[in-house]
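Trainee: Below are the structure tokens for one structure; questions will follow.
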Amino acid sequence: MEKVLIFADPGVDDGFALLYALNHPDITVTGIVADYGNVSQEDALKNITFLLDLTDQQQIPVIVGAKRPLSGNPPEYFYDIHGVHGLGFVVPDKCIQRIHPFQKIYQIIDQYRSELTIISLARLTSLALAFIQAESNVTKVKQTLLMGGAFLVPGNRTPLAEANIYGDPHAAATVISNSRNTTLLPLNVSNRAIVPDHMIESIAKQASGPYSSILIPMIRYYSKQYEKILPDAGGAPLHDLIVFSYLMHPEHYQVVHKQVEVVTAGPSKGLTYADFRAAPEKVPGSPVHTIALDFNKELFLDDIMKVLA
């Protein structure tokens, strides 16, 4: 059984990722931190509690995360891609409730320690704050999985930068320099995590849970926006689902092990890079991380179908 603490900013792709985790028989969600990014922190709180109510898992703690980057600059949201409330055409009908303070993160880590995987689907501000506060115990966890970055491929926020890293590069640099046993699931794989609309429609017809009614309204809005971004892709990439796919089936992924750096300012702000030369130059004291570069898409789609349907 995989125990996970999730940092999320739902967002359509986060919504699908959370439904995957909440319905997987071998995943226990120990808590969800509401962050900003795709949507505001307030909307993230609403969307998370809505999904927990919909799946009848109200016992899972919802934790207040960050509202803005470490720089203090106003955050950038992406309602144009994710919908007015962040879940496509779906309008959450639940109010925010049962909210835990930030320190709940440390309690959850203390409870599970080396059994726990931290999964970040959002900007890395909250996770960076969890690392730098005096009571931090984040290095005690089993592993950390990050949806973010782009290596030797174009970004999706700028020509060089992926959105989660670009949204708070200082936080990303803090996490990457302080974390251990960390895997990045970058655009190299997440941009190809395209689940065709007809497959979502098939899942919605087969699924027995009450969440089946929101799958098509979520994906239709999101896919419509991605027709402009990735024409002829045949669907929209569900970036955050790739993280849980890796968690449960790492054998389906091709990875490399590299030291990772983040550019925090200037024209290359948000760029993640590593030394891919045959004899890479080592940076003293910098941790080595795992980077996913390729995956078996057919097995990824089969797994999504099995879990959600």
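The values are calculated or read from the model by the stated rules, or taken from the named source; none is laboratory data. In this text, all values refer to a predicted model and were calculated from it rather than measured experimentally. Here Cβ is always computed from backbone atoms with ideal geometry, including for glycine, and neighbour counts include all displayed protein chains. For the accessible areas, the whole protein counts, side chains as well, though only heavy atoms, and no ligand, DNA or RNA atoms are used. Shrake-Rupley method; radii C 1.70, N 1.55, O 1.52, S 1.80 Å.
Trainee: Given the criteria in a helix (DSSP H, G or I) and either open to solvent by 10 Å² or more (accessible area, probe 1.4 Å) or under 24 Å from LYS258 (Cβ atoms) (or both), does SER114 qualify?
Mentor: So SER114 passes the test.
Trainee: Out of all the residues in segment 179-228, which are of a type outside the set (Ser, Thr, Tyr), assigned to a loop (DSSP other than H, G, I, E, B), open to solvent by less than 30 Å² (accessible area, probe 1.4 Å) and out of contact with any strand residue (DSSP E or B) (no Cβ under 6 Å at 6 or more places or on another chain)?
Mentor: PRO186, ALA207, GLY209
Trainee: Still on this structure, please answer the following. Regarding ASN164, is this residue surrounded by 20 or more Cβ atoms within 10 Å (Cβ to Cβ) and not aliphatic (A, V, I, L, M)?
Mentor: Yes, satisfied.
Trainee: Of the residues ASP9, ASP26, ASP56, ASP13, only one is under 18 Å from ASP80 (Cα atoms) and out of contact with any Gly (no Cβ under 6 Å at 6 or more places or on another chain); which?
Mentor: ASP13
Quick grid of which residues meet (1) open to solvent by 70 Å² or more (accessible area, probe 1.4 Å); (2) in contact (Cβ under 8 Å) with a residue 24 or more places away in the chain:
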residue: ALA274; (1), (2): no, yes
residue: ALA278; (1), (2): yes, no
residue: LYS297; (1), (2): yes, yes
residue: LEU301; (1), (2): no, yes
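Trainee: Return a yes/no flag: does segment 64-74 have any residue that is more than 20 Å from the chain's Cα centre (by Cα) and small (Gly, Ala, Ser).
Mentor: Yes, segment 64-74 contains a residue that is more than 20 Å from the chain's Cα centre (by Cα) and small (Gly, Ala, Ser).
Trainee: What are the residues in segment 124-153 that are open to solvent by 10 Å² or more (accessible area, probe 1.4 Å), touching a residue at least 24 places away in the same chain (Cβ under 8 Å), at negative phi and in a loop (DSSP other than H, G, I, E, B), if any?
Mentor: The answer is GLU135, SER136, ASN137, VAL141, LYS142, VAL153.
Trainee: In segment 65-74, what residues are open to solvent by 30 Å² or more (accessible area, probe 1.4 Å) and in contact (Cβ under 8 Å) with a residue 60 or more places away in the chain?
Mentor: LEU70, SER71
Trainee: Whether any residue in segment 83-94 is outside any loop (DSSP other than H, G, I, E, B) and surrounded by 15 or more Cβ atoms within 10 Å (Cβ to Cβ) is what I want to check.
Mentor: Within segment 83-94, not a single residue is outside any loop (DSSP other than H, G, I, E, B) and surrounded by 15 or more Cβ atoms within 10 Å (Cβ to Cβ).
Trainee: Which condition breaks for LEU152 when tested against (1) under 20 Å from GLN254 (Cβ atoms); (2) under 18 Å from the mean Cα position of the chain (by Cα)?
Mentor: Single failed check for LEU152: (2).
Trainee: Turning to a different aspect of this structure: Are any residues in segment 95-111 outside any helix (DSSP H, G or I) and either of a type in the set (Phe, Trp, Tyr) or touching a residue at least 40 places away in the same chain (Cβ under 8 Å) (or both), and if so, which ones?
Mentor: CYS95, ILE96, GLN97, ARG98, ILE99, HIS100, PHE102
Trainee: Across segment 43-92, what is the number of residues that are more than 22 Å from TYR166 (Cα to Cα) and among the aromatic types (Phe, Trp, Tyr)?
Mentor: Selection size over segment 43-92: 2.
Trainee: Out of the residues in segment 253-262 that are farther than 23 Å from ILE194 by Cα and touching a helix residue (DSSP H, G or I) at 6+ places or on another chain (Cβ under 7 Å), state the one that is least open to solvent (accessible area, probe 1.4 Å).
Mentor: Step by step, filter segment 253-262, then rank; the result is VAL260.
Trainee: Tell me, yes or no, whether segment 234-245 has at least one residue that is over 17 Å from the mean Cα position of the chain (by Cα), open to solvent by less than 20 Å² (accessible area, probe 1.4 Å) and at pLDDT below 95.
Mentor: Yes, segment 234-245 has at least one match.
Trainee: Identify the single condition in (1) at pLDDT 95 or above; (2) over 15 Å from ILE6 (Cβ atoms) that GLY83 does not satisfy, given that it satisfies every other one.
Mentor: Among (1) at pLDDT 95 or above; (2) over 15 Å from ILE6 (Cβ atoms), GLY83 violates only (1).
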